Amino acid sequence: MSQVTVLVPNYNGAAYLRECLESIRAQTFEDWEVVVGDNASTDASLSIVAALAERRIRTVRRPRTIGWVANVNLLMAEASTPYIAILHADDWWEPAFLETTVSMLQAAPRSLVATGAGRIVRTGRAAELTGLFQAWAVSQGSTCPAGEVARLLTPRNLIPSATVLTRAELYRRFPRYEPALSLLGDWLMWLRAGGVADFEVTNQVLANYRVHAANQSAFAEANNLWAMDVLRVGLILRAEWAGTASPYPGAARAIAASIANDLIERAALRLERGDQATARRLARLAWAMAPSAGQRTLARIGELGIRLFGGGPLARLREPLSGMARRVKPAVQRSLM
Amino acid sequence: MSVTILMPVYNGAAFLARSLKSISEQTYGDWRVVIGDDGSTDDSLAVIERSGLPRLTLRRNARNIGWAQTVNLLLAEVDTAYVAVLHQDDWWEPGFLATVTALLDRTPASLLAVTAARVVHPSRPDAVWGLHQGFSVEKGSTCPSPVAVSLLLPTDPIRCPAVLARSELYRRYSFDESLPYACDWLMWLRAAAMASVEVSAEVLANFQLHEASQTAGFIRANLTTIDMLRMVEVLRTEWADGREPVKDAIGKLTVGITNEILADAGLKIEAGDLAGAEVQLRFARAIALSVRQSVLSLAGHRAVGLLRLPLMASLRTPITQLGRRLW
């Protein structure tokens, strides 16, 4: 049996799938197997896999396209190795990914997750880095302790799925990605896991995560589905983290505050694009989620601002005002969290 | 073969005998069944085997992935003109398939045929739900598309076991896997927006409600709210730029959802779950479009604040009853 199973969910990813699979074959650590979960693709995906003629890569096929979360949850049953990674068909690894993350987990038996830096690749824009290292200085040591992980990830998801190697044990404790979360299932997974397990962190760039206009994240942003997933994460964790299961003091409140902040930010973005109606709806939902009187007031002021400056003669003041709001926001947020 | 019956199963040993028997007792015989076991850990498979149901195919998920996801996989198996989805805990009267297939045979333009459903609650009296409550079937069974949409906007009167669909519908749409509690409502709305609906007032399906599903009360019910909010967002896009099937459809749907949330808040107050009720009332206030609803959610919110005082606890039930009567 090999050490690592790489699960590759794919739906019509023919344009990127070869690069993804080649990046696995180029790993300096060679004791892996790949299971491609083809979600009833209608493009050349299957022939691309076949053309590689790689005995360590096999394919399972869904008879009809289902959500990517369900595809991943079914793929999990294919892994019987001590370590599992999930690499989406449009993402790819640096050659050292597996060698680095496997040795980190081997050195830290209590950690369930190892994660590095991920390069976010957008067409027409300079690549940015993201990773847990941005919140956890690796100079303190590579092990970010349970509880602290959840706290650091509460404001936003810093961990792209492509940067993660997990112990199979993780998915025995949290057997599935939340079926209803089409966009933020991984954030919820890391938040839950980070409440009870240590994470190994490196700032080495190990993975590349592609964001392109055609992908589901862009569609979801346009349709507010992202905001709906954010709300769902907030409600699930607020309930799970209430009382004794709190991963760090005040966690239930902090996640609600984070969700409210996120919605306020989305409202501001909508307003800047001139979509006043959506901005108002999001500001109201932020108000409903906000755990403190201060944050509720902020949401109310935001909504009032949208009504006053969203359209009509005062619309000219919109940009200077939202710019000002953005400058004071970090300070205000700190005081409210 | 004319009808494929899809049945998602997850730990349904206690109910399956009843639902499978109701299939075998159909007066209409031209059907096959595809069961999708979603990783059951109880005796479900043994019960299915013992049933001896003919023309049965069993598919098994290697992991538990959710009921909508399971049905979507099963949809790949459909090779008939009609599809029914029967959940493990629901069951049919013997005349169900005969009635609904006849309705769709007669009216090729309709995508759905819907009967009345008996809603069975363990501790409350049975209720009957159906489109016939808003559409009189005396002059004919075909409910025009705009009428059907209008009936589906304020609430979801259609219970899943009471539906037979033309398989075309499911070639076009899967159940929305992000909406575990509302994806059937969304499906019926989409179907009604596309075509007329055949309606029968006969009670031919039974829908089982559970106390157990309320156990995780706080979590579940507030997530139902998220499902409904998300459904509105999905339809807002689909129905944008003049594609609304009836005038102000999104507005009416929002009003309907606000009512659902307020009703749930009332139930929570009665059950003593004031924190849960408060969350609901906040969401209701956040999305309320009518003055009446805003006032009610604000009043409810204030009332919950008062009811938190220990002295007031005994007033909970009379106050929510008063609220419901005024409403």
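The values are calculated or read from the model by the stated rules, or taken from the named source; none is laboratory data. All of these numbers come straight from a predicted model, not from anything done at the bench. Backbone-built Cβ (ideal geometry, glycine too); neighbour counts: all protein chains shown.
Note on the range A:1-116: enclosed strands (runs of 3 or more DSSP E) holding 3 or more residues that are within 21 Å of A:His212 (Cβ to Cβ) are A:4-10, A:32-38. Is it the case, given these coordinates, that B:Trp67 is in contact with a helix residue (DSSP H, G or I) (Cβ under 8 Å, 6 or more places away or on another chain) and of a type outside the set (Val, Ile, Thr)? Criteria not met by B:Trp67.
From the set of residues in the range A:253-295 that are assigned to a loop (DSSP other than H, G, I, E, B) and in contact with a Leu (Cβ under 8 Å, 6 or more places away or on another chain), which is nearest to the other protein chains (Cβ to nearest Cβ)? The residue in question is A:Ala290. If only residues of the range B:111-151 that are hydroxyl-bearing (Ser, Thr, Tyr) and assigned to a loop (DSSP other than H, G, I, E, B) are counted, the one that is nearest to the chain's Cα centre (by Cα) is B:Ser123.
The residues of the range A:128-147 that are in contact (Cβ under 8 Å) with a residue 40 or more places away in the chain and either crowded, with 19+ Cβ neighbours inside 10 Å or farther than 27 Å from A:Ala256 by Cβ (or both), listed by number, are A:Leu129, A:Gly131, A:Leu132, A:Phe133, A:Trp136, A:Val138, A:Ser142, A:Thr143, A:Cys144, A:Ala146.
Restricting attention to the range A:228-249, the residues that are more than 8 Å from chain B (Cβ to nearest Cβ), more than 18 Å from A:Ala193 (Cβ to Cβ) and among the hydrophobic types (A, V, I, L, M, F, W, C) total 2.
Based on this model, can you work out whether B:Ala193 counts as touching a residue at least 12 places away in the same chain (Cβ under 8 Å), among the hydrophobic types (A, V, I, L, M, F, W, C) and buried (at least 23 other Cβ atoms within 10 Å of the Cβ)? Considered against the rule, which asks whether it is touching a residue at least 12 places away in the same chain (Cβ under 8 Å), among the hydrophobic types (A, V, I, L, M, F, W, C) and buried (at least 23 other Cβ atoms within 10 Å of the Cβ), B:Ala193 comes out as no.
Which of the residues that make up the range B:267-298 are more than 13 Å from chain A (Cβ to nearest Cβ) and in contact with a Gly (Cβ under 6 Å, 6 or more places away or on another chain)? Of everything in the range B:267-298, just one residue is more than 13 Å from chain A (Cβ to nearest Cβ) and in contact with a Gly (Cβ under 6 Å, 6 or more places away or on another chain), namely B:Lys268.
The residue of the range B:41-69 that is nearest to A:Arg176 (Cα to Cα), among those that are among the hydroxyl-bearing types (Ser, Thr, Tyr) and within 14 Å of another protein chain (Cβ to nearest Cβ), is B:Thr41.
Quick grid of which residues meet (1) modelled with pLDDT of 95 or more; (2) aliphatic (A, V, I, L, M):
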| position | (1), (2) |
| --- | --- |
| B:Ala68 | yes, yes |
| B:Ala81 | yes, yes |
| B:Glu93 | yes, no |
| B:Leu104 | yes, yes |
| B:Pro108 | yes, no |
| B:Val119 | no, yes |
| B:Ala165 | yes, yes |
| B:Arg171 | yes, no |
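Applying the selection to the range B:40-96, what residues are assigned to a strand (DSSP E or B) and under 14 Å from B:Ala17 (Cα atoms)? Correct list: B:Trp91, B:Trp92. Applying the condition of being of a type in the set (D, E, K, R) and crowded, with 17+ Cβ neighbours inside 10 Å to the range B:60-109 and asking which residue is nearest to the chain's Cα centre (by Cα) yields B:Asp90.
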